[in-house]
1. What tally of residues in the range 535-559 results from selecting those that are in contact (Cβ under 8 Å) with a residue 40 or more places away in the chain, in a loop (DSSP other than H, G, I, E, B) and farther than 20 Å from Asp318 by Cα?
2. Which numbered condition in (1) crowded, with 18+ Cβ neighbours inside 10 Å; (2) more than 16 Å from Phe133 (Cα to Cα); (3) at pLDDT 95 or above is the only one that Gln86 fails?
3. What is the residue count in the range 182-239 for residues that are touching a Leu at 6+ places or on another chain (Cβ under 7 Å) and among the small types (Gly, Ala, Ser)?
4. Can you find, within the range 357-405, the residue that is surrounded by the fewest Cβ atoms within 10 Å (Cβ to Cβ) among those that are without any contact (Cβ under 8 Å) to a residue 60 or more places away in the chain and polar (S, T, N, Q)?
5. I'd like to verify a number: residues in the range 434-488 that are of a type in the set (D, E, K, R) and touching a Pro at 6+ places or on another chain (Cβ under 9 Å), how many?
6. State whether the residues of the range 237-244 include one that is under 26 Å from Ala164 (Cβ atoms), more than 28 Å from the chain's Cα centre (by Cα) and without any contact (Cβ under 8 Å) to a residue 12 or more places away in the chain.
7. Pick from Ile439, Ile414: which is among the hydrophobic types (A, V, I, L, M, F, W, C) and closer than 30 Å to Ser390 by Cβ?
8. Give all pairs with beta carbons closer than 6 Å in which a residue from the range 345-356 that is in contact (Cβ under 8 Å) with a residue 24 or more places away in the chain meets a residue that is surrounded by 20 or more Cβ atoms within 10 Å (Cβ to Cβ) and aliphatic (A, V, I, L, M); count only pairs at least 6 apart in sequence or on separate chains.
Amino acid sequence: MSTTIAQRVEAIRKYLADNNLDAFLLPTADPHLGEYQPENAHRVTWLSGFHGENCMVVITKDTAGIFVDGRFTVQVKQQVPADIFQYLHINNDCHLNWTMDNLSAGARIAVDASLFGISWYKNAEKAFTGKGFEIVSLQENPVDLFWEDRPAAPSSAIELFQNAGQSSVEKRHLLAKRLQEKELDATLLTQPEDTNWLVNIRGSDIPYVRSVLSFGLFKNNGELELFIDTARLPEGFADHAGEGVNVYDITALFSVLPEKISADQRIQLDPAQTNAGLFNLLHDAGVSVVEDMNLCARARVCKNEKEIEGMKAAHIQDGIAMCRFLAWVDREVEAGNPNDEETLAAKLLEFRQGVEGFIAPSFPSISALGSNAAIVHYNHDPKNCRKLGSDGMYLIDSGGHYNNANGVSGTTDITRTIKVGNATDEERRMVTLVMRSHISLASARFMPGTTGVQLDTVTRQPMWKEGFNFDHGTGHGIGHFLSVHEFPPRINPSNNCGAMEPGMCVTNEPGFYKEDGFGIRLENVEVVREVTGTAASMLELEAITYTPFDKRLLVAEQMRDDEIEWLNNYHAQVFEKIAPSLNKQDKTWLEQATSPLTRG
């Protein structure tokens, strides 16, 4: 492997020399700047051997550096040859400064602008030019020139999605009104979730996301210029999308898009979701660029009633699978069978595959026993898994995509921490605190205009009063048979993504993590609803996840009466919705798991 990596790095260096360039910067990204990338976009892996996220590779004529965050400091040393790359911390070591420190003044630094965000590009350009360096935006990515066994571009089937609740024409009419109100000529759509939602299609081009790679330019007259793999469009697409959708091959984006814009236009784009290559294209065309949160995304996340009903139906099926799994785990623990993290995760997938409408996992399951659960984004190694038998608790964070002709349609994300051994008093105390924090958000009422930052504070109050905290967001948006991490809804301490609005689906997932000790997370998906029968206009959250929390880990004496009441009401709803679909053995388990929590 080291020899191959060395050859690849040398190929990039030869490219630099042949093109009068002095350095090349490469991030883990694709032109959509999304959370997941298709295999043919894994350029960092090809060039360095590294398989993690949030990485930056810098190649100069005589040195190379790889920058990763704290999650990957061990992994990078296992995968990337130390005789070729210098290991650096992406948060502690500035890759811009490191690059300049390893070059002479006047050096030309090459980037593929389509893989970088606007803010990064502007900052890099300012830093480089301010110290006498030149940033060069390449027309081709050099990795693509040498990657001989590069995987083919995604080729998943494009599905005409039938569970949307609104036609594409209706959606485009409403979105056009929003553009007109803001005096915008068009909005640039860079996220496949937006274009897929707007024309009611789905696919599987991106791992764990139900979308087809595509870009769009949506105009204030309701027309959409859609850039997609035209060869894969199914029969009937034109009628399904309706009039006003003009289709071009995605490979023609940078050549066709300039023809569809003019210098007198105001075009909106989301700076957090648009690559610098597209920004530079609009800038060079002389248009007035309006940087603002994606208007299409704001419309997409406020789900209509059919979408919400589809989400609820999907969560019922997910609840059936989860309850069958948790009942099975209890029996396995009682029998003393030493299942490990891999077999537990595989068994849950098997149960999901056995319920109506299941299509695929919505993200890689986090299956963590004991101290492994203290790693928030733990990824178990099938060859070196922890086994049942020595830990008090097990954390499983997982989800699925569901869709069928019966209206089961949505995406799920659920975390449960359950008892699998002798839980300590400390563990039970902390599970109770996390449960109380979960209930604090789940039972909250709030005014229209309330943001995720404000709700995050509401969630953390029970833990803060006891002097504890958790170092991740409380919740994120979740899509309708699209992406498990849907932007913009966020419930977290600092990232204000706007107000919570009716129809948004968000997670509620407080946790607690003791390094080398244990980890706890309790997560439901909830939908923002208008409260009825109140003097003031108010909003609340309705839980649509239907799986019991493990009462065996809760200390009722440490909970308030209203918290116990909320939990018992929730469990009664779980039993009502899930029990009819279980066999006698699992139904008996669920009856016990959802029985009222009492003190004493």
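The values are calculated or read from the model by the stated rules, or taken from the named source; none is laboratory data. Just so you know, these numbers come straight off a predicted model, no measurement behind them. Every residue, glycine among them, receives a Cβ derived from its backbone with ideal geometry; neighbour counts consider all protein chains shown.
1. 6
2. Failing condition for Gln86: (1).
3. Number satisfying all stated conditions: 5.
4. Within the range 357-405, the match that is surrounded by the fewest Cβ atoms within 10 Å (Cβ to Cβ) is Asn384.
5. The qualifying residues number 3.
6. Yes, there is a match, as at least one residue in the range 237-244 is under 26 Å from Ala164 (Cβ atoms), more than 28 Å from the chain's Cα centre (by Cα) and without any contact (Cβ under 8 Å) to a residue 12 or more places away in the chain.
7. Ile414
8. Phe351/Ala321; Arg352/Ala321; Val355/Ile320; Val355/Ala321; Glu356/Val408
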